[in-house]
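Notes for the one structure printed next.
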Amino acid sequence: ITLGGDYWVLRGFDVTRSADGQKGLQISGNYNLVDSVNTYYNGNTGIQISRYSGTDLFEDWPKYNTILNCTSYGNADAGYEDADGFAAKLTVGEGNVFDGCIAHHNADDGWDLYAKVQTGEIGVVTIKNCVAYANGYLEDGTLAGNGNGFKLGGESLSGKHVLENCVAYDNKNKGIDSNSCPDIIIKNSITFNNGAYNVALYTNTAANTDFSADGIISFRTDRLDVNEQLKLAGSQDSAKVYKATNYYWDAAAKKSVNNAGAAVSADWFKSLDTSILPGRNVDNTINMNGLLELTDKVPAEVKAAGLGVGQASEGTVLPPTKTEPPKTEPETTPVESTPAET
């Protein structure tokens, strides 16, 4: 399905079995709401926000769309290179939001916000109250693609994307990955037992970084020798990354500590058993069923991290629709549209 229109509401259905290389659902219009849609076993990304036509300019790129309480899993292209759970990449305008979504067992990444020099910077994307786990593995255990939980940029282009109250665990590669974007913002998020770095904040070519982090809890019970990848550059204010509310894994000490030396302990969490799967409440918000939910042992300054029972979306209100009367147009011969870019 490709949606090029504006102010649509898509609610409560599944999209599955698209052909190899074809997305399950592409949103290319503005002010659309995709609510409680499941995308799985598609030949490319389950739900992607990107422009419709290769000739669309930045002002035409999709903006102010909300993907709410959706689940995307098992999506895989033949080469295991492109199929993510969710994506807002390459050609994306301002104001796009993912809220209360789950991505797991996708061939490539849970989320991909890739931008490239040829098309330039994309608009700010917000991901909140979301979970990414076991990406880079298929459900049968097959080793697939990159396998990052939240991949938040590309080619050292500014994005200022926001990751808030999210959880990443058991992904094949990184849990939270700036992917060279120099200025992502992370708030109140938990990352646990990912195959590579739990947290990777770095840039490849930008002279300066401007990362902001507040309320990160990174914890491990395996691969204890894997540090974080924190490479600040140029004019970066290190106090925006290293603060008492952030607990990063210290491989030498085999523990997660903040800048004052306080450490995370297992009793901060109701459960660390990742065989427990996230579910959904009656209102379709995420219920972690105790997994990586925080207990009263957690310091007050980070008690909001992650997702508690029913903590996901408070709901989304679409802006008012246009009220001008419909225009009467003469009949014309339909013109074939340009295929959506891949």
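Just one of (1) buried (at least 21 other Cβ atoms within 10 Å of the Cβ); (2) closer than 28 Å to Phe211 by Cβ fails for His105. It is (2). Give the residues of the stretch 218-270 that are open to solvent by 50 Å² or more (accessible area, probe 1.4 Å) and either polar (S, T, N, Q) or at positive phi (or both), sorted by residue number. The answer is Thr221, Arg223, Asn227, Gly234, Ser235, Ser238, Lys254, Asn259.
Of the residues making up the stretch 69-82, one or more are of a type outside the set (Asp, Glu) and under 21 Å from Tyr7 (Cβ atoms). Residue count for the stretch 150-168 satisfying the condition of being open to solvent by less than 10 Å² (accessible area, probe 1.4 Å) and more than 8 Å from the chain's Cα centre (by Cα): 7.
Residue-by-condition table, conditions (1) touching a His at 6+ places or on another chain (Cβ under 9 Å); (2) more than 25 Å from Val302 (Cβ to Cβ); (3) of a type outside the set (Lys, Arg); (4) modelled with pLDDT of 95 or more:
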position	(1), (2), (3), (4)
Ser72	yes, yes, yes, yes
Asp84	no, yes, yes, yes
Val125	yes, no, yes, yes
Asn129	no, no, yes, yes
Asn148	no, no, yes, yes
Lys151	no, no, no, yes
His161	no, no, yes, yes
Val167	no, no, yes, yes
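When every residue of the stretch 27-38 is checked against the conditions, at least one turns out to be open to solvent by less than 30 Å² (accessible area, probe 1.4 Å), touching an Asp or Glu at 6+ places or on another chain (Cβ under 6 Å) and not aliphatic (A, V, I, L, M). Which residue is farthest from Ala78 (Cα to Cα), if the candidates are limited to the stretch 129-149 and must be open to solvent by less than 50 Å² (accessible area, probe 1.4 Å) and touching a Leu at 6+ places or on another chain (Cβ under 9 Å)? Looking at the filtered set, the residue picked out is Asn129.
In the condition set (1) of a type outside the set (Val, Ile, Thr); (2) under 18 Å from Asp84 (Cα atoms); (3) part of a strand (DSSP E or B), Leu10 is compliant with all but (2). If I ask for residues that are open to solvent by less than 50 Å² (accessible area, probe 1.4 Å) and either modelled with pLDDT under 95 or out of contact with any Asp or Glu (no Cβ under 9 Å at 6 or more places or on another chain) (or both), which ones from the stretch 5-22 would you list? Gly5, Val15, Ser18, listed by residue number. For the stretch 92-109, state whether one or more residues are part of a loop (DSSP other than H, G, I, E, B), in contact (Cβ under 8 Å) with a residue 60 or more places away in the chain and over 14 Å from the mean Cα position of the chain (by Cα). For the stretch 92-109, residues part of a loop (DSSP other than H, G, I, E, B), in contact (Cβ under 8 Å) with a residue 60 or more places away in the chain and over 14 Å from the mean Cα position of the chain (by Cα): present. For Val298, the requirement of being out of contact with any Cys (no Cβ under 6 Å at 6 or more places or on another chain), β-branched (Val, Ile, Thr), free of Cβ contacts under 8 Å to residues at least 12 places away in the same chain and in a loop (DSSP other than H, G, I, E, B) is not met. Exactly one residue out of Ala115, Ala83, Ala76 is open to solvent by 20 Å² or more (accessible area, probe 1.4 Å), touching a residue at least 60 places away in the same chain (Cβ under 8 Å) and assigned to a loop (DSSP other than H, G, I, E, B): that is Ala76. Remark: Thr126 falls outside the filter, which requires a residue to be open to solvent by less than 10 Å² (accessible area, probe 1.4 Å) and in contact (Cβ under 8 Å) with a residue 24 or more places away in the chain. Out of all the residues in the stretch 277-285, is one or more open to solvent by less than 30 Å² (accessible area, probe 1.4 Å), over 25 Å from Lys174 (Cβ atoms) and not in a loop (DSSP other than H, G, I, E, B)? Yes, the conditions are met somewhere in the stretch 277-285.
The values are calculated or read from the model by the stated rules, or taken from the named source; none is laboratory data. Small disclaimer: the values here were computed from a predicted structure and weren't measured. When we count neighbours, we look across all protein chains shown, and the Cβ atoms used for this are built from the backbone with ideal geometry, even at glycine. Side chains are part of the model used for accessible areas, which takes the heavy atoms of the whole protein and leaves out ligands, DNA and RNA. Shrake-Rupley method; radii C 1.70, N 1.55, O 1.52, S 1.80 Å.
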